[in-house]
Every structure is written in structure tokens, then in C-alpha cells.
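Trainee: Structure provided below as C-alpha cells; questions to follow.
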Amino acid sequence: MAKLRHTDWPDRLWIIRHGQSAGNVARDLAEASGLELIDIATRDADTPLSELGQAQADALGAWFGELPAPEQPNIAFSSPFVRSAQTCRAIQRRLAEEVEVQLDERLREKEFGILDRYTVHGIRSKFPELAAQRASVGKFYFRPPGGESWCDVILRLRSVIEVLRRDHVGDRVVIVAHQVIVNCFRYLLECMDEAEVLEHDRRADVPNCSITEYAIDRTDPDSRFCLVRANYVVPTIEDAAAVTVAPDKPAGPK
């Protein structure tokens, strides 16, 4: 893995996928039942955590609260989607110092456009030409009508990284967002190429409330900002609430 050469980074950065959402539950039911559409009343941005997801978020918040105060986050960003904001505020409530949760639309879920709410079966049934195009182009570059490709998501995250390097050098930053966001941050921060990031995605989904963490050691002049751990599920979540590893969305191309 290539290392980022610069040192103008936060001291520590935690990137977290939100807890299990009601959308995850509805998607699982629709996929298991062979349905074409997911039965959920809210728009994606307004879909809240499930009861299990709230338990996961509370357990994650407790883990952050047990860190020594000087090692806890002092900056918090979240996707504006309800499930992410709820997860981030569960962390916020456990911190020793008051930290404002800043909602940032650049951290929102990948947009699925015309394929939104469709299951994998539904996409293949209703949009066979798009399914074939995705298979040919690959998920990294495939952009459904009205939606985004992974490259589109990466483009908006580049500006988030610029803000981190400009305004938050030396800070301890927590970001709560979505599965594709976590993977696209990894693509940027670990200097991956298309094949590498898709291999990580193929190997395993990002567990709900898991932590991907980066840090730099200021006491070492040769230290560089680098990965500490990826998709780490804290023991309090494993003990208190089952971890779901399903994709955020039911729309096939993540």
C-alpha cells in the first residue's frame, strides 16, 4: 500500500458506517421473498435506524466514551441521512467534551437514480439492459440514470479530504456515513486503484457501526498518516448487539 507523503492531516480519523437501518431490514425481507421492490414508507434520506441499529450505535458510543478524554473525537461529521446522524449523535452523547455534529451532504449515500428501491432481482427483471451495462462496465464506473458511479462519489469526497487537511490538522475527527463512502475514503486515503478497492468490497461488506481508523504519530518525524485498522467491530457491539453486514441499499450496484 502506498503511503501519503504529507503530514497536514488530522491526528486521528475514524470513518464509520451507520448502524443497521430500517432499510437494511426491509431490503433483506424483499430479497429473501424474491420481490422486485423494497417495501419501505420513507425516502432513503429519512430512513431511521432499526431497534438493533440503535443498540449498535449506543454500544459504539460507549466505546468512544471509554477512551481517555484527550483521545476522543473533538470534531464530528455525518452524512445528513437520518440513520447516519442518529449513529453520530449516539457517539456525541458519550464524549467528555461537547462536540457539535456537522452534517455534510458530500457524505450522503451513493445515489442510485432510477434503480433506487429495486432488489437485485428487480433490476435484472425491469432493467436488463442496465444490468448488462453494469456487468460490462463494472461497478466502479457504472452510473445508473439519475444516479452516481463510485467515481462520482470519490470526486465529492476529494473536497472533504481537502477540508480535513486545511482546517483540521491535529484534530481527532469522526465521520459517520455509508458503506460506499467508507470504501471510497479507503480508495483515496490508501492510494488504491480500481482493482484494489473492488477486491476489498468483494471480500466483505462493511459491517454496521464498524470503524476504519487512520492516524499519524507526531512524535516520529518519519511517520505518515496511514491505516490503523479497517472494518473493526468493537467488542461492546459484538457482545450487546448482533452485527449486520448487509449493503446499505437494495439496488444491486453499491
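Trainee: Quick one: how many residues across the stretch 1-32 are open to solvent by less than 70 Å² (accessible area, probe 1.4 Å) and either assigned to a loop (DSSP other than H, G, I, E, B) or under 20 Å from Asn183 (Cβ atoms) (or both)?
Mentor: 19
Trainee: Let me ask something else. Just need a number here: residues in the stretch 58-101 that are under 18 Å from Asp11 (Cα atoms) and assigned to a strand (DSSP E or B).
Mentor: Residues flagged as under 18 Å from Asp11 (Cα atoms) and assigned to a strand (DSSP E or B) within the stretch 58-101 amount to 3.
Trainee: Just one of the numbered conditions (1) within 24 Å of Ile114 (Cβ to Cβ); (2) open to solvent by less than 40 Å² (accessible area, probe 1.4 Å); (3) in contact (Cβ under 8 Å) with a residue 40 or more places away in the chain is not true of Thr47; which one?
Mentor: For Thr47, the exception is condition (3).
Trainee: Kindly indicate the residue of the stretch 125-139 that is under 26 Å from the mean Cα position of the chain (by Cα) and of a type outside the set (S, T, N, Q) and also most open to solvent (accessible area, probe 1.4 Å) among those meeting that condition.
Mentor: Applying the filter and picking the extreme gives Ala135.
Trainee: Among the residues of the stretch 1-46, which ones are modelled with pLDDT under 95, touching a Ser or Thr at 6+ places or on another chain (Cβ under 7 Å), of a type in the set (A, V, I, L, M) and farther than 20 Å from Ile123 by Cα?
Mentor: Ala22 - this is the single residue of the stretch 1-46 that is modelled with pLDDT under 95, touching a Ser or Thr at 6+ places or on another chain (Cβ under 7 Å), of a type in the set (A, V, I, L, M) and farther than 20 Å from Ile123 by Cα.
The values are calculated or read from the model by the stated rules, or taken from the named source; none is laboratory data. What you see is a predicted model; the values in this text were computed from it and never measured. Note that we place each Cβ from the backbone using ideal geometry, even for glycine, and neighbour counts take in every protein chain shown. Just the protein is used for accessible areas: all its heavy atoms, side chains included, with ligands, DNA and RNA removed. Shrake-Rupley method; radii C 1.70, N 1.55, O 1.52, S 1.80 Å.
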